[in-house]
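The structure under discussion appears below in the form of structure tokens.
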């Protein structure tokens, strides 16, 4: 492209490594077209792993942009990533929750392979090591804490409900979140209360008793477990390797707890969505309700809000080769402090929210030229 609004040399062609035909790839490609660029070419993970040269062939002039997107939940892509990790597995039931260690190894291997096969003049939106860090809840939590971000208190890994209760008592905690070490969308997460009047766990996981700790399925519907059923659920989650952290007291809005998804693009906070619920889990696909972030911002002291955004910038700045990162963060009761829960490599699918008049993918397209120019080594400058 030439003329006003044309990108600097090296930003085209646009290629997406993701899932062909899904909302993410379609949304980003549509944003390119609205900005006057050609649409992106999409190569899905399974086809790439089958023949890696398919990716390098999409950059015939040795330059361009490769957008790394989520592999999603397609069983065909899952099998391909597991094979790359050296594990052959039948995808089986789509809703079944499994330990995701091998899946994450496969994804990291695919991203490292992508970096090796594309020409050096191609910019990638994500690094394999950063994606792996963000997917690992335990390690990411430790990294945020090490860099001074306020995070809930973490408990050491526990192999059983009884061991977890002992750790909770030692820490003086009666409520914790038990999270599969790897995963997304609150799949397998449980909010656990251990009190004198009983044991309660709230989760979208459906526990099916069976051999060992039984089987877990992601039901996409929150349910409440009590007593022995809650114990069995927690045992099953812990058996798959879990991260456990203190249940932080979130600020309330409209009578229920709320938190935020903050999308940082090119190092700067951009789109923010407020999520609110009647219970402890606010994910929108599990019954959480969208709210206006400005409603919460209006109630908080300006210094508290700006402190939260500053911490988002500060942690994102540790990963200058990663174009965007999304944080799950909350203001706590009293609205004067904030707490970080997770960082997400692919958390930019945010609907019906704008920043300076642009939707998330549109804002990314607008920010790409400056980000690429700033990160490009001198030897590759246009």
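Where a number appears in this text, it was derived from the coordinates with a stated rule and is not lab data. Bear in mind that the values here come from a model prediction, so they are computed numbers and not experimental data.
Annotation: extensible slack from residue 116 through residue 223 equals 34.0 nm (criterion: 0.36 nm per residue apart, minus Cα-Cα distance). Computed from Cα atoms, the angle from the helix 302-316 axis to the main principal axis of the chain rounds to 60 degrees.
Candidate values (i) 70, 52, 33; (ii) 70, 56, 36; (iii) 59, 50, 43 were compared with Cα extents along the principal axes in Å computed on the shown model; the agreeing label is (i). Between 0 and 90 degrees, the angle of helix 75-84 with respect to the longest Cα principal axis of the chain falls at about 80 degrees. Put the Cα centre of the range 206-273 next to the Cα centre of the range 71-128 and the gap is 24 Å.
Comparing mean-square fluctuations of 88, 230, 170 from a GNM of the chain with C-alpha springs under 10 Å, the top value falls on 170.
Helix 227-239 axis versus longest C-alpha principal axis of the chain: approximately 40°, rounded to the nearest ten. Short to long, the 10 Å bins of the Cα pair-distance histogram for the range 154-246 hold 18, 57, 24, 1 percent of all pairs. Using only Cα positions of the range 14-124, each an equal point scatterer, no hydration layer, compute I(q)/I(0) via Debye at q = 0.13, 0.23, 0.24 Å⁻¹ and quote the log10 values to two decimals. Per q value, in the given order, log10 I(q)/I(0) is -0.50, -1.26, -1.33. A full extension of the chain between residue 160 and residue 335 corresponds to an added length of 59.5 nm, given 0.36 nm per residue minus the alpha carbon distance. Between residue 195 and residue 290, the contour length at 0.36 nm per residue exceeds the Cα-Cα span by 31.1 nm. Highest GNM mean-square fluctuation among 201, 30, 295, for the chain modelled with Cα contacts below 10 Å: 295.
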